[in-house]
Amino acid sequence: NSFDRQTAATLEGRLVELQNSLEVLQLENVVLRHENTALRAENELLHAQFQTLRAQHNALSARLTSLTTRVDKLEDDNQNLLTKKKVIEAKHKSYELARLFIFYHTDPKLNGDLWGRSIAPKIAKKTP
């Protein structure tokens, strides 16, 4: 009989311990659920920030592409202008040489030969 009482008391003590452990686990579960909810909210916030950064990155990439295209076009335009400048300078030099050549051959003081009296004046009329 005393053994049954002792066993019952032991079992009741063990039952109280298990109930206390259950309460502690239930409280820990509530805390973990709150932490999980907080982490989910933080995750959503971080995801929204990431989406914002991605959109900014895409906008900056598009802007960089646009600027790179503009720079390339400006470099091409610059190269074309340099080429035109060289052509104009070459034409100018050619015209200057032709003018000096004609002047030399048409000036009776410098050269009174047949070429200077007959051909050079015709060329001079055509040269701007």
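What residue among Thr69, Leu53, Leu32 has its Cα farthest toward the positive end of the dipole of the range 24-74, where the charges are +1 on Lys, Arg and -1 on Asp, Glu, each on the Cβ?
After comparing all options, I get Thr69.
Taking θ = phi - 60°, what integer Hz values does the Karplus form 6.51 cos²θ - 1.76 cosθ + 1.60 yield along the range 3-20, in sequence order, with x for Gly and Pro?
For the range 3-20, the Karplus-derived couplings read 5, 5, 5, 5, 5, 5, 5, 5, 5, 5, x, 5, 4, 4, 4, 5, 5, 5 Hz, x marking Gly and Pro.
Estimate the FRET efficiency between Glu23 and Asn1 by the formula 1/(1 + (r/R0)^6), using the beta-carbon distance for r and 25 Å for R0, to the nearest 0.05.
0.15
Along Cα→Cβ, 7 Å out, is where each label goes; now give me the distance between the ones at Glu96 and Leu60 in nm to one decimal.
Inter-label distance under the simple model: 5.1 nm.
Here, each number is a calculation from the coordinates, and none is a lab measurement. Note that the structure is predicted; figures quoted are calculated from it, not measured. Glycine gets a Cβ as well: all are built from the backbone with ideal geometry, and neighbour counts include every protein chain shown.
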